[in-house]
Every structure is written in structure tokens, then in C-alpha cells.
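Enquirer: Pasting a structure below so you can have a look.
The values are calculated or read from the model by the stated rules, or taken from the named source; none is laboratory data. Just so it is clear, the model here is predicted, and its values are computed rather than measured. Positions of Cβ are backbone-derived with ideal geometry, glycine not excepted, and every protein chain shown enters the neighbour counts. Only protein heavy atoms, including side chains, enter the accessible area calculation; ligands, DNA and RNA are left aside. Shrake-Rupley method; radii C 1.70, N 1.55, O 1.52, S 1.80 Å.
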Amino acid sequence: MSISASQVKELRERSGAGMLDCRNALVEAEGDIEKAIDILREKGLASASKKAGRIASEGLVESYIHGGRIGVLVEVNAETDFVAKTDEFKDFVKDVAMQIAASNPRYVSREDVPEEEIEREKNVLIQQAINEGKPEHIANKIVEGRMEKFYEQICLLDQAFIKDSDVKIGELLSQKIAKIGENIKIRRFARFEVGEGLEKREENFAEEVAKQMGN
């Protein structure tokens, strides 16, 4: 069913949970706000959000190298050094580094995406929908759904977890906050791939075959 932005906003204000968690809870509750609140409470997400305002200045910087071709550095923060040294936290940070290597996000969250980039993407998608023959008022609704796909591609927290496609990274983060009992924040990351940004040489395929045949 369709969940409106106003429903998500109301649930977020009442529960304090994250926007993505609120949307998912509303879908599961078929739009019923009270049921959605119960779902968030059962999952520990409402209480986890209250911890999200606390300062997290400890943590880990984790590296991950895949096949010598992709490298990732990621900083994930916790409130205390004690939590940062636990296996639960370390495993989570490793999973985040692997996620970045595999899915190549550009930003941690939607809030990090520059407004001009969002507007440019919206304008392109609206024009695409109009070119497909959709009336403008319908095109705007179509764009809302397509923008979700856009965020899933570029924002780490919106991506499906590589180890469990039914869970998004933002949801996984909320679960860890609830379980560990401290605020956890994925602060920043850098991803490097061999040859990225460089113009690669393109050889003539026929010439390459000829060389291999000794001609």
C-alpha cells in the first residue's frame, strides 16, 4: 500500500525512530499508526532512536581489501571504548566495510546528498516520465518511487545488506544500537578501486586476436 510522507512524519515524531524504520513499520502495519508504534517498540527501534542523539566519539577505523583491486576505509563511532572493543561492534564495522566495497555507495545517508544533486535527479526523472507519456501529476508520483531507488544506489544506510537482502543497513544499524545499548554512528568512509577515474586503453579486438594467433 501507499504510505504518505505525512504518515511517516507523524510516526517519526511520536516514536523518535528513523525515517526508514518508520516507513517500513507503516507498511507492515498497513498504515495503522498505533500498530506501527507497537512494531517499532517490539523491534527495539523506538528506544534505539533515543540513543541516537547521544555523542559517539569512540569507535574504530576498519580497512577492507578485496582481491587487491578494491580498498575501503570506514570510521564507525560508539559512545565508549569498551563497546568499540567488543566482538559485536568489530563484526558490525567489518560488515559495513564489506558493504561499501561491494555496493559502492557515495554517501552515508540521504542527509549527506547535496540538494542540487537531488534536484537534478528529480528533474531528469520527471522528464523521463513525461517522455514515457505520463501526465505531469502522475509523473511526480512516479518520481517519488524512482527517487527511492536512487537513494538505495548512492546512500549506504538505504542499501540492502549484502548478507541479508531483507535488511537495509540503516535497519541493521538500529538493531545494533538497540542490542548494544549505545549510540553507534557510521561517520565516514573512503573507497578506492584500481583504475577508477583513469582513461583505460582500448585495444583493437581484431589486432589482439591476431597477436594471440601469432600473425
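Enquirer: Since GLY195 meets every condition but one in (1) touching a residue at least 12 places away in the same chain (Cβ under 8 Å); (2) open to solvent by less than 40 Å² (accessible area, probe 1.4 Å), which condition does it not meet?
Expert: (1)
Enquirer: Does GLU117 satisfy the criteria of being more than 16 Å from the chain's Cα centre (by Cα) and surrounded by 12 or more Cβ atoms within 10 Å (Cβ to Cβ)?
Expert: yes
Enquirer: On to the next question. For GLU111, indicate whether it is under 13 Å from the mean Cα position of the chain (by Cα), exposed (fewer than 14 other Cβ atoms within 10 Å of the Cβ) and either within 19 Å of ASN77 (Cα to Cα) or of a type in the set (Ser, Thr, Tyr) (or both).
Expert: Yes.
Enquirer: Restricting attention to the stretch 1-46, which residues are among the β-branched types (Val, Ile, Thr) and either part of a helix (DSSP H, G or I) or without any contact (Cβ under 8 Å) to a residue 24 or more places away in the chain (or both)?
Expert: The answer is VAL8, VAL27, ILE33, ILE37, ILE39.
Enquirer: Output yes when any residue across the stretch 132-146 is open to solvent by less than 80 Å² (accessible area, probe 1.4 Å), part of a helix (DSSP H, G or I), in contact (Cβ under 8 Å) with a residue 60 or more places away in the chain and among the charged types (D, E, K, R), and no when none is.
Expert: The answer is no; no qualifying residue exists.
Enquirer: Can you name the residue in the stretch 36-61 that is modelled with pLDDT of 65 or more, within 21 Å of the chain's Cα centre (by Cα) and not hydrophobic (A, V, I, L, M, F, W, C) and, of all such residues, is surrounded by the most Cβ atoms within 10 Å (Cβ to Cβ)?
Expert: Across the stretch 36-61, the extreme among qualifying residues is GLY59.
Enquirer: Scan the stretch 174-192 for residues that are assigned to a helix (DSSP H, G or I), open to solvent by less than 30 Å² (accessible area, probe 1.4 Å) and in contact with a strand residue (DSSP E or B) (Cβ under 6 Å, 6 or more places away or on another chain) and jot them down.
Expert: Listed by number, the list holds a single entry, ILE177.
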